[in-house]
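What follows draws every value from the coordinates through simple rules; no lab data is involved. Owing to the predicted nature of the structure, the values given are computational and were not obtained by experimental measurement. Because the Cβ atoms are built from the backbone with ideal geometry, glycine has one as well, and the counts that use them run over all protein chains shown.
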């Protein structure tokens, strides 16, 4: 099974939008990326990233609120391998399963569990109920049987429900793909009222031609436009030379790569705080004292920035803190550039001069 999990790492995709983060997986047989509709909702394009593809924007080509499914266009020159799909055989209570996810900000994860109910009905759809640990960022990832076949799409989890997760059975995915691909090279959406699939060239007024219900086609979604402090932050990031679309990681959250350092920027509206955390290298296993002495010394010398160490992961973090009432474009550019430049600089110094360890995602 370890070999199967390692194989799936190459087809499980990270997905991010201005509104959410989630997971998807590539199906070579159909040349699409599958995810949940709620992960990509209200977007015509989303950010994807994976071990075998560069971070980039791709188009949403199909959305389906009824089954919470969405399909994404696959980048050209994709090298991702094929995976095996179950033929739709019934699954049984007590069967061991594996849930896989690769949400932004977290490493590739796989969790094992058992099916506790193979026919949990919700809105007349039978879901696979299982106890493999999931988190919201795993939405859209594959559910596997012990033969390494995809048997479902991880769709939602009950909060505070002691690892109660639900997956859409593979049969519904296969039937949806077959229906959608009857008219290839078009974008489409399933009407939530009559369940017909409507394509972008079949309507131009956002209403289903079959029943008249309102329908949201991916190609007709409006471009995201930030407001308020978020707009100011995005202006700053653009002026510091970063692609803002590729940087968005859900509401009021952005990720920047500067050299070897990864910087997360979060705006907390309730407190008014803008926090920039640069995640640098890890502490070494031995001879740690010189690094701590160096970090403490730098905390007295570097203006506006603070070093800390994550006690769980032994990760060195360089942080910037700004209150939104003091944020403006002129000073913001200076502060952000200061964080970005120092993050890359200190990451290299700590490894090359003090024996710190590069992070695995460098």
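Structure values in brief
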quantity	calculated
Extension gain, residue 82 back to residue 107 (0.36 nm per residue minus Cα-Cα distance, nm)	6.8 nm
Degrees between helix 228-239 axis and first principal axis of the chain (Cα, 0 to 90, nearest 10)	70
Residue with peak Gaussian network fluctuation, the chain [Cα springs, cutoff 10 Å], from 331, 17, 238	331
Per-peptide average of other Cβ atoms within 10 Å, ordering 244-255, 307-318 highest first	244-255, 307-318
Estimated distance in nm for a label pair at residue 323 and residue 1, the labels positioned 7 Å out from Cα along Cα-to-Cβ	5.2
Isotropic mean projected area of the C-alpha convex hull, segment 228-354 (nm²)	8.1
Of every Cα-Cα pair in segment 190-266, the percent that sits beyond 22 Å	48
Highest-fluctuation residue, 201, 344, 42 considered, GNM on the chain with Cα pairs under 10 Å	201
Rh (Kirkwood; distinct C-alpha pairs) - the chain, Å	22.2
Between 0 and 90°, nearest 10: helix 329-354 axis offset from the chain longest Cα axis	80
For segment 284-362: Kirkwood Rh in Å [reciprocal of mean 1/r, alpha carbons]	13.8
With Cα atoms, 0 to 90° folded angle of helix 170-180 axis to the chain main axis	80
Which of 155, 109 has the fewest Cβ neighbours within 10 Å, and the rest in rising order	109, 155
Kirkwood hydrodynamic radius of segment 1-142, Cα pairs, Å	15.6
Mean Cβ neighbour count within 10 Å, used as a protection proxy, ranking 65-78, 20-33 highest first	20-33, 65-78
Mean separation of Cα contacts under 8 Å (6+ apart) over length of segment 20-156, as relative contact order %	25
Volume of the Cα convex hull of segment 140-281, divided per residue and given in Å³	238
Among 276, 88, 152, residue whose mean-square fluctuation peaks in a GNM of the chain (springs only between Cα atoms under 10 Å)	88
